[in-house]
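Take a look at the structure below.
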Amino acid sequence: MKDFAMIGAAGYIAPRHMKAIKDTGNNLIAALDVNDSVGILDSYFPDAEFFTEFERFDRHLDCLRRDKDTRRAEYIAICSPNYLHDAHMRFSLRSGANAICEKPLVLTPENIDELKTVEAETGNTINTILQLRLHPSIISLRDRVAKAISTTKHDVELTYITSRGSWYLESWKGDTRKSGGIATNIGVHFYDMLHFVFGDVQKNIVHYASATKAAGYLEYTNARVRWFLSIDVEDVPPEVRKEGQRTYRSITCNGDEIEFSGGFTDLHTRSYEEILQGNGFGLDDNRVAIDTVSEIRNATPKGLVGDFHPFLKGRTV
């Protein structure tokens, strides 16, 4: 059994990490969040120490590390806001722990290089959650692409709409400096998946970008991809909304739908299993996706070209 600590225990994604820690037979000994709505801890680790102040959390972990008669945190799970990931990973490594960080790992490619230096200095490692690489449907698609003629360019359409209320833009997620913008916050794992399946990025063009939606074109070694991301419920197809759904997810390859709506439940646990076996996704595995979203964030939108993205046909954005 390994002992974990967690930063960002009140966050949306934290329960998936708690479940993964528990499901892999490990223990959470300490948790930190500036917000104290963390009753979820009782469902997983009721004996975990909880702190709302970073300094007290730091002191607690340091005391455990120095006391040879107690168990120390070997891993720190990081579920904090995006812009704090870099600092919290540095803290983890320098505290003698390995880091498991939620997506996006960092906001800029330069952060990856700096973190590699800290890894080398401390001897501790960083892993992240790139869960789509473990999804059976995505693995199957990658296998099919690998068997195709090497010069084949597949035509891919990616649409992901995950409705959010007005709170989203008022929170840190609505601040591009803190979240990285919509493509980074809700899209980074899709861009990683596209790289994982179709190879290196050759073109990256942004056609539309706002606080609530974005659209563009990516070309990979083996694919031409038109993508659309949104948090606006009005973008959910009417027939889907009629069924009470506020999320719409679609990936097609050469006109065929890739069914991957299911199979998400245990991907964090699967990720933890691989990390604990030494097979996790580290800094270099994240580089292409972080490069991609950084370029999208800093691009000047070129404007939608006619019905460039089929999903936007006849729509005003």
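Derivation of every value follows stated rules applied to the coordinates shown; laboratory data play no part. Just so we're clear, the structure is a prediction, and the values are computed from it rather than from any experiment. Cβ coordinates were reconstructed from backbone atoms using ideal geometry, including for glycine residues, and neighbour counts include every protein chain displayed.
Annotations
- Relative contact order (%) - region 3-128, alpha-carbon pairs under 8 angstrom, separation at least six: 23 percent
- Pairs beyond 26 Å (Cα-Cα), from LYS2/LYS116; LYS19/LYS103; LYS2/LYS68; LYS2/LYS103; LYS116/LYS178; LYS22/LYS173: LYS22/LYS173
- Take every pair of alpha-carbon atoms less than 8 Å apart whose residues are at least six positions apart; their mean separation over the length of the chain yields a relative contact order of 19 percent.
- Sequence of CYS253, CYS101 once ranked by neighbouring C-beta atoms within 10 Å, starting from the fewest: CYS253, CYS101
- Estimated inter-spin distance, ARG224 and ASP42, nm [label 7 Å along Cα→Cβ]: 5.7 nm
- Think of region 95-223 as a dipole: +1 on every Lys or Arg Cβ, -1 on every Asp or Glu Cβ, centred on the Cα centre; then among THR221, GLY123, PRO109, THR221 lies furthest on the positive end.
- Within the chain, DSSP assigns beta bridges of which about 50% are antiparallel (rounded to the nearest 5).
- Length added when fully stretched, SER210-ARG287, from 0.36 nm per residue minus Cα-Cα: 25.3 nm
- Taking other C-beta atoms within 10 Å as the exposure proxy, PHE228, PHE50 rank PHE50, PHE228 from fewest upward.
- Rounded to 5, the percent of DSSP beta bridges in region 131-259 classed as antiparallel: 75 percent
- SER150, SER271, SER163 arranged by Cβ crowding within 10 Å, fewest neighbours leading: SER150, SER163, SER271
- Between ASP200 and ASP23, the distance separating the two model label sites (each 7 Å from Cα on the Cα→Cβ line) works out to 3.6 nm.
- 18 Å Cα-Cα reach of LYS302 towards lysines, excluding residues that sit fewer than 8 places from it in its own chain: LYS203, LYS213, LYS313
- For LYS2, the residues whose modelled amide H falls within less than 5 Å of its own, excluding neighbours fewer than 5 places apart on the same chain, are ASN27.
- Only one residue of GLY8, PHE54, VAL34 has its Cα farthest out toward the positive end of the dipole of region 1-64, where Lys and Arg carry +1 and Asp and Glu -1 on Cβ, and that residue is GLY8.
- Between ILE161, ILE138, ILE149, the residue with the greatest mean-square fluctuation in the GNM of the chain (Cα pairs under 10 Å linked by springs) is ILE149.
- Placing pseudo-labels 7 Å out from each Cα toward the beta carbon at THR151 and GLN245 gives an inter-label distance of 3.9 nm.
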